[in-house]
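Structure first, then comments.
The values are calculated or read from the model by the stated rules, or taken from the named source; none is laboratory data. Since the structure is predicted, the reported quantities are computational estimates derived from the model, not experimental observations. Virtual Cβ from ideal backbone geometry, glycine too; neighbours counted across all protein chains shown.
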């Protein structure tokens, strides 16, 4: 993995200390998640994707964050319970972090530096919709909203980044994952 991203520590929901080096040789999809968002049903698609492709080497890791509309207010225990009972999530979940602003976790600072722009097939529609609700997106390299996705190849490099409204079954995301799994 890329040295900087590889060594940045985070904690999983069970309190285990982790780094992305634990997933060396795998393709990793990192997603900032929230339980009370209009995009929360993506948990179901993320779990299906994980189940379908994990034997091929895909790992999905959810990073709960309360940065957008206070849509992840729960404790780590509440989030874990919600994900397992509501969506049957078996992919790893990290402890709640911040993905933007002054409290942004170092992992997300490194991810946004490595891939400052997201694939946005809707050409700014989500950004415009959020603006209609009074949300100022800020720096274009910042994570826009819940369920933004970073794809890390087997070599540890960030190979793609996808806007939150790119669903787990979107052909653009699936194609990028398949290419990374082959590479």
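Miscellaneous remarks
- Residue 74 passes every criterion in (1) surrounded by fewer than 16 Cβ atoms within 10 Å (Cβ to Cβ); (2) assigned to a loop (DSSP other than H, G, I, E, B); (3) at negative phi apart from (1).
- Only one of 49, 39, 29, 20 that is farther than 19 Å from residue 115 by Cβ, in contact (Cβ under 8 Å) with a residue 60 or more places away in the chain and crowded, with 21+ Cβ neighbours inside 10 Å: 49
- Only residues that are assigned to a helix (DSSP H, G or I) and out of contact with any strand residue (DSSP E or B) (no Cβ under 8 Å at 6 or more places or on another chain) were counted in the stretch 1-41, giving 5.
- Looking across the stretch 89-122, just one residue is within 12 Å of residue 148 (Cα to Cα), part of a loop (DSSP other than H, G, I, E, B) and touching a residue at least 60 places away in the same chain (Cβ under 8 Å), and that is 99.
- Filtered residues of the stretch 52-71 (kept if surrounded by fewer than 21 Cβ atoms within 10 Å (Cβ to Cβ) and within 19 Å of residue 10 (Cα to Cα)): 59, 66
- Taking the criterion of being within 18 Å of residue 59 (Cβ to Cβ), assigned to a loop (DSSP other than H, G, I, E, B), out of contact with any helix residue (DSSP H, G or I) (no Cβ under 8 Å at 6 or more places or on another chain) and modelled with pLDDT of 95 or more, the only residue of the stretch 135-173 that qualifies is 148.
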